[in-house]
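Data first, discussion second: the structure below is written as structure tokens.
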Amino acid sequence: MKPQNNLPRVVIIGAGFGGLKAARSLANAPVRITLIDRNNYHLFQPLLYQVASAGVAPSEIAYPVRAVFRGQKNLDFQMTEVRRVDLAGRRLLTEHGQVDYDYLILAAGGQTHFFGMDTLARNAFDLKELDDAVAIRNHVLKQFELAALEPEADARRAMLTFVVAGGGPTGVEMAGALSELIRLVLAKDFPRLRVQDARVLLLEAADKLLPAMPADLSAETVCALTEKHVEVRFGAAVSGFDGSAVTLRGGESIPARTLIWAAGVRAA
């Protein structure tokens, strides 16, 4: 058997679905694997919206990476952040030093894309990380607490208006779960509030939801959301959000204290 130190060094950046699949596929290969991620847990991103809508606890969708690979002898995990990749020198520069490699697998995933709209980047919520979901959950609950103390009707309505931008899977799931949280849970917790005045708006710039799906499924999704009291609007492209109102490209302004951005992702 080849000595461990003489085996090719494979470095995988990212402990998401791609990184885990790559690492597991090399479990019996004659290589040394270093898996790097800035978090020490694997995040099940499809259920982030459930954390954001208080449906599940954060710990239910995050699993320790070291536990995942406890039995894989050719793998070492490092919790650190990659600062730079030196392709010519075959090395990574991380916040905790240099990591050399013979083969590099980039599986860092994506990040939220605000299309250059600075006010969105500053004021809107995105939903890519566990901290994002917790922040949305806490913000929504805080808006209800503030609304319960607000004597002015217009300000109260803005606090209870929740806008989700983007009609893909994340936006659809987030809008539906948020409306269920409001109607089925918070309506009981805040009996003195007119919870029926709370609004959940799903804004989509195109003319259908779930564009990758067949047209009949898209139409059924609209019906399901409408039954959940979600207001679905098409041709509604967001151009800005200052924390007090959502501005649409056509000039319309929607008073709201919450914008959840689910309209764009790009490679990390």
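Being touching a Pro at 6+ places or on another chain (Cβ under 7 Å) and either open to solvent by 60 Å² or more (accessible area, probe 1.4 Å) or under 22 Å from Leu225 (Cβ atoms) (or both) is not true of Thr170.
Residues in the range 1-57 that are touching a residue at least 60 places away in the same chain (Cβ under 8 Å) and more than 22 Å from Phe69 (Cα to Cα): 8 in all. Please specify each residue of the range 89-107 satisfying the condition of being open to solvent by 60 Å² or more (accessible area, probe 1.4 Å), touching a residue at least 60 places away in the same chain (Cβ under 8 Å) and of a type outside the set (D, E, K, R). Tyr103, Leu106 - these are the residues of the range 89-107 that are open to solvent by 60 Å² or more (accessible area, probe 1.4 Å), touching a residue at least 60 places away in the same chain (Cβ under 8 Å) and of a type outside the set (D, E, K, R). Ala158 falls short on exactly one of the conditions (1) open to solvent by 20 Å² or more (accessible area, probe 1.4 Å); (2) over 25 Å from Ala57 (Cα atoms), and that condition is (1).
Scanning the range 56-76 for residues that are touching a strand residue (DSSP E or B) at 6+ places or on another chain (Cβ under 7 Å), farther than 17 Å from Ile12 by Cβ and either in a helix (DSSP H, G or I) or of a type in the set (S, T, N, Q) (or both) gives a single hit, Ile61. One residue stands out among those in the range 173-207 that are more than 18 Å from the chain's Cα centre (by Cα) and among the acidic types (Asp, Glu): the one that is least open to solvent (accessible area, probe 1.4 Å), which is Asp197. Remark: pairs (first residue in the range 112-132, more than 13 Å from Thr258 (Cβ to Cβ); second residue hydroxyl-bearing (Ser, Thr, Tyr) and open to solvent by less than 50 Å² (accessible area, probe 1.4 Å); Cβ separation under 6 Å; 6+ apart in sequence or on different chains) = Lys128/Thr112. Across the range 150-167, a minimum of one residue is classified as under 30 Å from Arg194 (Cα atoms), over 25 Å from the mean Cα position of the chain (by Cα) and in contact (Cβ under 8 Å) with a residue 60 or more places away in the chain. Residue check: is Ala15 assigned to a loop (DSSP other than H, G, I, E, B) and open to solvent by less than 20 Å² (accessible area, probe 1.4 Å)? So Ala15 fits the description; yes. Of the conditions (1) open to solvent by 70 Å² or more (accessible area, probe 1.4 Å); (2) farther than 23 Å from Pro46 by Cβ; (3) out of contact with any strand residue (DSSP E or B) (no Cβ under 9 Å at 6 or more places or on another chain); (4) modelled with pLDDT under 95, Ala212 satisfies every one except a single condition; which number is it? Of (1) open to solvent by 70 Å² or more (accessible area, probe 1.4 Å); (2) farther than 23 Å from Pro46 by Cβ; (3) out of contact with any strand residue (DSSP E or B) (no Cβ under 9 Å at 6 or more places or on another chain); (4) modelled with pLDDT under 95, only one is false for Ala212: (2).
The listed residues are Val200, Val164, Val134, and the only one of them that is over 21 Å from Asp242 (Cβ atoms) and not hydroxyl-bearing (Ser, Thr, Tyr) turns out to be Val134. Gln78: within 30 Å of Phe241 (Cβ to Cβ), polar (S, T, N, Q) and open to solvent by 40 Å² or more (accessible area, probe 1.4 Å), yes or no? Criteria not met by Gln78.
Residue under question is Glu129, and the condition is that it be of a type in the set (D, E, K, R) and over 29 Å from Met159 (Cβ atoms); does it hold? The answer is no for Glu129. Quick check on Leu146: is it of a type in the set (A, V, I, L, M), in contact with a helix residue (DSSP H, G or I) (Cβ under 7 Å, 6 or more places away or on another chain), open to solvent by 50 Å² or more (accessible area, probe 1.4 Å) and outside any strand (DSSP E or B)? Spelling it out, Leu146 is indeed of a type in the set (A, V, I, L, M), in contact with a helix residue (DSSP H, G or I) (Cβ under 7 Å, 6 or more places away or on another chain), open to solvent by 50 Å² or more (accessible area, probe 1.4 Å) and outside any strand (DSSP E or B).
The values are calculated or read from the model by the stated rules, or taken from the named source; none is laboratory data. Just so you know, these numbers come straight off a predicted model, no measurement behind them. Backbone-built Cβ (ideal geometry, glycine too); neighbour counts: all protein chains shown. These area figures cover heavy atoms from the full protein model, side chains too; ligands, DNA and RNA do not enter into them. Shrake-Rupley method; radii C 1.70, N 1.55, O 1.52, S 1.80 Å.
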